[in-house]
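Asks: Can you read through this structure? Questions will come right after.
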Amino acid sequence: MLNGSIPEAFNDLHGLRIVNISFNQLEGPIPDLKAFHEASFDALWNNKALCGNATGLRPCVLLYRDNHSHGGRTKVIVLALLPLFGGLLLLFMLAVSFLTCYKKTPSRKSEPREEQHGDIFTVFGFNGRILHDSIIEATEDFSSDYCIGSGGYGAVYKATLPTGQVVAVKKVHQSEDSLLLNNLKAFESEIVALLEIRHRNIVQMYGFCSHPKHSFLVYELVEMGSLRMVLSNNEQAMLLDWEKRLIVVKGLANALSYMHHNHSQPIVHRDISSNNILLDSDYEARVSDFGTARILKPDSSNWTSLAGTYGYIAPELAYTMRVDEKCDVYSFGVVAIEVLMGKHPGDLLSYLSSSTPVSNDEQILLQDVIDHRLSPPRSREAMDVVTATKVAFACLNANPQLRPTMQHVAQALTRQPLPLPSPFSTIKVEELLGHVVCNG
């Protein structure tokens, strides 16, 4: 809760390398130092009125001059314009006093999505108080009876609004006094990432609200729940036939390709897992839970703390904290194999990473690996399963530089599959390793 302006003495601290003055009441110009100029948005945001040459801040503007009679000195009053994400900053500035809600503005580069009937913001006219009260009433003040899931930093509730529209509401876990710092960062990351994204295979965020008692995000409700839940339920897993499973894999690939390649600054999810892939009533995939997402900056090394779900994290993150798109590529490979096997491929991943030579007699048949709850794929489905397996194995390469891009993966999954060199029942896992997925 530091307030006022930053002392001029900071301009003499030329040895300063890293700063973080977020969540204070500071105002006025930042010091003319490299550490401040190159500070991230996270390090400066949520202050009263900072200005200067740094990410998320606007230049300091001369508002007026007050000429004093003594010595003719000029008093400069500085106005700090709202940062680049002005709506986001204003949201948290006002959180201590009243509720604010904002509707997401679609990106011009985004893909179109069919309009929902009875859109909540069309009906409520952006009235945050009414929407907030309606959600509280619909969930009976976030009763456990309406809870449909829980994540690392929030619980998800099902809410039926007065319009009849059903939405998913992720309520952020809170401490007694305020939002836990890590939860607040995840809340912010999810908002910033989803403000940049609009794609049919990515969950749609309708808006977000911040309040001293309740902070939450409002999403479209994806009916079937998570991919992990579907695969763990025998009845639902059998309804998820080979055709539907391949649609899930392609949808996930398209979503990641869009995030990595359709923005000037790529967006890396960092926690792709079957628990964060939702399925709608048509078994179309939706990527969700962007609490660990990062927007990569081309002029930055993009180092970060370890994030993700055990069993899906790229192996190089065990010795380096540098995050890039290839981390998502590896996680995609794990999920793709999980979709085909019907369970997490932990044992298969250990088998593939083993350096011990395997004789021909000990090699594993692909049909013995894939989900036995379904009949073996035939004809075109068999060719598509083989293609998807090859692509997934390429994504699991221990060397991140040798993994394909998600753009190449999405293209490979949509191309006409090649005829099988031998009957599907005779194809071995080892035959599908080492294939390079490339453009063309």
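The values are calculated or read from the model by the stated rules, or taken from the named source; none is laboratory data. Remember, it's a predicted structure, so these values are computed and weren't measured experimentally. Cβ placement follows ideal geometry from the backbone for every residue including glycine, while neighbour counts extend to all protein chains displayed. With ligands, DNA and RNA removed, areas are computed over all heavy atoms of the protein, side chains included. Shrake-Rupley method; radii C 1.70, N 1.55, O 1.52, S 1.80 Å.
Asks: When the range 219-254 is examined, which residues are found to be touching a Lys or Arg at 6+ places or on another chain (Cβ under 8 Å) and hydrophobic (A, V, I, L, M, F, W, C)?
Replies: Leu221, Val222, Leu231, Ala237, Met238 - these are the residues of the range 219-254 that are touching a Lys or Arg at 6+ places or on another chain (Cβ under 8 Å) and hydrophobic (A, V, I, L, M, F, W, C).
Asks: Pick from Leu413, Leu432, Leu420: which is out of contact with any strand residue (DSSP E or B) (no Cβ under 9 Å at 6 or more places or on another chain), within 17 Å of Met341 (Cβ to Cβ) and in contact (Cβ under 8 Å) with a residue 24 or more places away in the chain?
Replies: Leu432
Asks: Further question: Could you give me the residue pairs with C-beta distances under 7 Å whose first residue belongs to the range 212-227 and is open to solvent by 20 Å² or more (accessible area, probe 1.4 Å), whose second residue is modelled with pLDDT under 85 wherever it lies, and which are 6+ apart or on separate chains?
Replies: Cβ pairs passing all conditions: Pro212/Ala95; Pro212/Val96.
Asks: Return the total of residues in the range 113-137 being farther than 19 Å from Val203 by Cβ, modelled with pLDDT of 50 or more and not in a loop (DSSP other than H, G, I, E, B).
Replies: The number of residues fulfilling the criteria is 8.
Asks: Do you know which residues across the range 31-51 are open to solvent by 20 Å² or more (accessible area, probe 1.4 Å) and either part of a loop (DSSP other than H, G, I, E, B) or among the hydrophobic types (A, V, I, L, M, F, W, C) (or both)?
Replies: Result: Asp32, Glu38, Ser40, Phe41, Lys48, Ala49.
Asks: A further question follows. Taking the range 243-259 as the search range and keeping residues that are open to solvent by 10 Å² or more (accessible area, probe 1.4 Å) and in contact (Cβ under 8 Å) with a residue 60 or more places away in the chain, which one is nearest to Tyr330 (Cα to Cα)?
Replies: Once the filter is applied, the top-ranked residue is Ser257.
Asks: Sticking with this structure for a sec: Would you pick out the residues in the range 25-43 that are at pLDDT 85 or above, out of contact with any Phe, Trp or Tyr (no Cβ under 6 Å at 6 or more places or on another chain) and closer than 27 Å to Ser210 by Cβ?
Replies: Scanning the range 25-43 gives Gln25, Leu26, Glu27, Gly28, Phe36.
Asks: In the range 416-430, which residues are β-branched (Val, Ile, Thr) and either at pLDDT below 85 or open to solvent by less than 40 Å² (accessible area, probe 1.4 Å) (or both)?
Replies: Ile427, Val429
Asks: Just one of (1) over 22 Å from Thr389 (Cα atoms); (2) assigned to a helix (DSSP H, G or I); (3) out of contact with any strand residue (DSSP E or B) (no Cβ under 7 Å at 6 or more places or on another chain); (4) among the acidic types (Asp, Glu) trips up Glu223, so point out which.
Replies: The single condition Glu223 does not satisfy is (2).
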